[in-house]
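Read through the structure below, which is laid out as structure tokens, and then see the notes.
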Amino acid sequence: MTAPIVTIAGLHKRFGDNEVLRGIDLEIAEGEVVCLIGPSGSGKSTLLRCVNLLETPTAGTITAAGHDMTGPDADLDAARRDIGMVFQHFNLFSHLSILDNLVVPQRRVRKTPKDEAVAEARRLLAEVGIEGKERARPAQLSGGQQQRVAIARALAMKPRLMLFDEPTSALDPELVGEVLSVMKGLAAEGMTMLVVTHEMAFAREVADRVLFLDGGVIVEQGAPAEVLTDPKTERARTFLHRVL
Ligand code: ADP
Ligand code: MG
């Protein structure tokens, strides 16, 4: 068994006197798809954001994609190249064309030669099913298309790990499926993924492991069939009754 691609130990995060994460221990294996579920305010986004240090942990250690995130010599730029993140609200560069949303970061961050960056951008856009939109601006695309572009843009950095924070929560219901199907494809190709989601059917089908977070601790975890069908704790049962 190879070393885990994510190792979190004793993670605490506090905002003022609000202790949001209260001792998280988590290992994720290469190629594993982990879905993180739990009530609003339970700390899911904060946990995800600690992994790539968008939030600074109050205590604990994190290594991710080969980077010691909490060590004194953490190279955040290098780490964030290797850790892709997709947010609820796409966060595309609104002033750039769809093609340039993928080309510019490759040129700036990866120093990729222009021809190569353009070819890679076209390949990735085709892979997420975006055709004939290269010159369009993000606002001209549907939410589902924008989110697929955001995934392609993250993949252009050739990440070893992908973090998704409720990637379909801002979408009209009829657009959710196209984004989930891109994520399924990515999982099938062996990408390591940590996904905050309320899409229980997706978690059941794609996750290797489901974590239920409540009050800043992992209350329950296991195979989707266990956690989603036969939760051991009252808190998970109550949550699942509400969302299913
Ligand atoms: P979830 O994603 O599970 O809904 P979050 O991680 O976003 O939960 O938030 C957990 C708690 O942390 C909430 O009480 C929220 O108000 C608080 N919180 C999150 N980010 C910040 C911040 N930047 N400053 C202060 N409080 C925050
Ligand atoms: Mg959140």
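Throughout, read-outs are computed from the coordinates displayed, never taken from laboratory work. Everything numeric in this text was worked out from a predicted model, so none of it was measured. Cβ: placed from backbone, ideal geometry, glycine included. Neighbour counts: every protein chain shown.
Some notes on this structure:
- Largest first and in whole Å, the equivalent-ellipsoid semi-axes of the stretch 88-138 read 17, 14, 10, each the square root of five times a Cα gyration tensor eigenvalue.
- Label-point separation in nm, GLU27 to ALA78, each point 7 Å along Cα→Cβ: 2.4 nm
- Which of HIS12, GLY38, ILE62, positive extreme of dipole for the stretch 1-130 (C-beta unit charges): GLY38
- Degrees between helix 143-155 axis and first principal axis of the chain (Cα, 0 to 90, nearest 10): 90 degrees
- In the elastic network of the chain, a GNM with C-alpha springs shorter than 10 Å, the most mobile of PRO173, PRO159, PRO224 is PRO173.
- Highest-fluctuation residue, VAL104, VAL51, VAL210 considered, GNM on the chain with Cα pairs under 10 Å: VAL104
- The alpha carbon gyration tensor of the stretch 184-244 gives principal lengths a ≥ b ≥ c with a/c of 1.5 or higher and a/b greater than b/c, which makes the shape prolate.
- Cα extents for the stretch 95-170 along the principal axes, largest to smallest and rounded to whole angstrom: 35, 29, 22.
- Cα gyration tensor, the stretch 141-244 - rounded (a/c under 1.5), prolate or oblate: prolate
- Dipole of the stretch 96-147 computed with +1 at Lys/Arg Cβ and -1 at Asp/Glu Cβ about the Cα centre; of LEU124, PRO105, GLN140, farthest Cα towards the positive end is PRO105.
- From phi via Karplus (6.51, -1.76, 1.60), per-residue ³J(HN,Hα) for the stretch 186-196 in Hz, x at Gly/Pro: 5, 4, 5, 7, x, 5, 7, 9, 10, 10, 7
- Across all directions, the average projected area of the convex hull around the alpha carbons of the chain is 13.8 nm².
- Rg/Rh (Cα only; Kirkwood hydrodynamic radius) as it applies to the stretch 167-216: 0.97
- A simple charge model with +1 on the Cβ of Lys and Arg, -1 on the Cβ of Asp and Glu and nothing else charged puts the dipole of the stretch 118-186 at about 380 debye relative to its Cα centre.
- Radius ratio Rg over Rh of the stretch 5-70, counting only Cα atoms, Kirkwood formula for Rh: 0.95
- Annotation: lysines with alpha-carbon distance below 26 angstrom to LYS158 (same-chain offsets under eight excluded): LYS44, LYS111, LYS114, LYS133, LYS184.
- VAL195 long-range amide H proximity, modeled H, under 5 Å: VAL34, CYS35, LEU36, PHE164
- For the stretch 40-146: rounded, prolate or oblate by the Cα gyration tensor [a/c cutoff 1.5]: oblate
- Here the Gaussian network model covers the chain, with springs between Cα atoms less than 10 Å apart; of THR58, THR70, THR46, THR58 fluctuates the most.
- Coupling constants for the stretch 105-115 follow from the phi torsions by the Karplus curve (6.51 cos²θ - 1.76 cosθ + 1.60, θ = phi - 60°), and in residue order they are x, 4, 5, 6, 8, 9, 6, 6, x, 3, 4 Hz; glycine and proline get x.
- Taking amide H positions as modeled 1.01 Å from N, with prolines and chain starts lacking one, the residues under 5 Å from GLU27 and 5 or more places away or on another chain are ILE8.
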